[in-house]
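For reference, the structure discussed in these notes is given below.
The values are calculated or read from the model by the stated rules, or taken from the named source; none is laboratory data. Fair warning: this is a prediction, and the values are worked out from it, not measured in the lab. All Cβ positions, glycine included, derive from the backbone under ideal geometry; neighbour counts span all protein chains shown.
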């Protein structure tokens, strides 16, 4: 469907109404449930767009853990996350389990909201907020889920800024033999991700500062180095048109135009010494910590760096 990249995505889930649930819980924080939506209509996306303003559902089949729920109602949520994503297909969805079958429930739940975490590069803000509130006061439940629509992944981007070095003296040389600043990305998903048309920048005023060339791909679990050396024309290797300031700054990763230039990730450091890096610990996750044991193109340590 042209306007959506074929990346593995995640959305987060919040309940609007709850009956007495039994058995497995969608909101078990130790699991990431998979929700599969199947539309029989060939023009289902056009229908969702046409019915956005009227909040009209279209029927679909929802499959969870191999169990099918026929005739659920699906529509786009009417909120800023719809407008903010522009032409991107990463919309927020409302699913009414009892749309055509009044007593139908999913593990006791009647209505699900799948939110696309627009304008939240961490994809964690709403889940953390909701689950923290529930420890003190009655509040909605939230969890992460993986959404599939007609067999396609639909829902948090699988590419992260995994490690950054701003004062490289001897850690890793670029293909030209120079020890320049570098930014490492990692594909934490189980599918190849196409980075073509995405952007890296160190300037809040210029989010589209450097663009990944066409054909740039990352296989599952693979790492990629972009040299921040202002040598954009150098080959081989990927060379950005900016350098990093060792005394501190932020690096941003933005999606391609086809997905509305959404902010995917960012990494901020206050200062890095010679051959120090800012890296995710554990590897590919949060938080990011300053480390004197950098590991470009390889996994970061499994424990907090010293």
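Here is a yes/no grid of residues against (1) in the same structural domain as residue 188 (by TED's automatic domain parsing); (2) at pLDDT below 85; (3) out of contact with any strand residue (DSSP E or B) (no Cβ under 6 Å at 6 or more places or on another chain):
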site: 202; (1), (2), (3): yes, no, no
site: 205; (1), (2), (3): yes, no, yes
site: 228; (1), (2), (3): yes, no, no
site: 231; (1), (2), (3): yes, yes, no
site: 245; (1), (2), (3): yes, no, yes
site: 269; (1), (2), (3): yes, no, no
site: 303; (1), (2), (3): no, yes, yes
Look through segment 25-47, keep the residues that are under 21 Å from residue 90 (Cβ atoms), under 23 Å from the mean Cα position of the chain (by Cα) and modelled with pLDDT under 95, and return whichever of them is surrounded by the most Cβ atoms within 10 Å (Cβ to Cβ). 35
Identify the residue in segment 248-261 that is touching a strand residue (DSSP E or B) at 6+ places or on another chain (Cβ under 7 Å) and buried (at least 21 other Cβ atoms within 10 Å of the Cβ) and, among all such residues, is farthest from residue 291 (Cα to Cα). 255
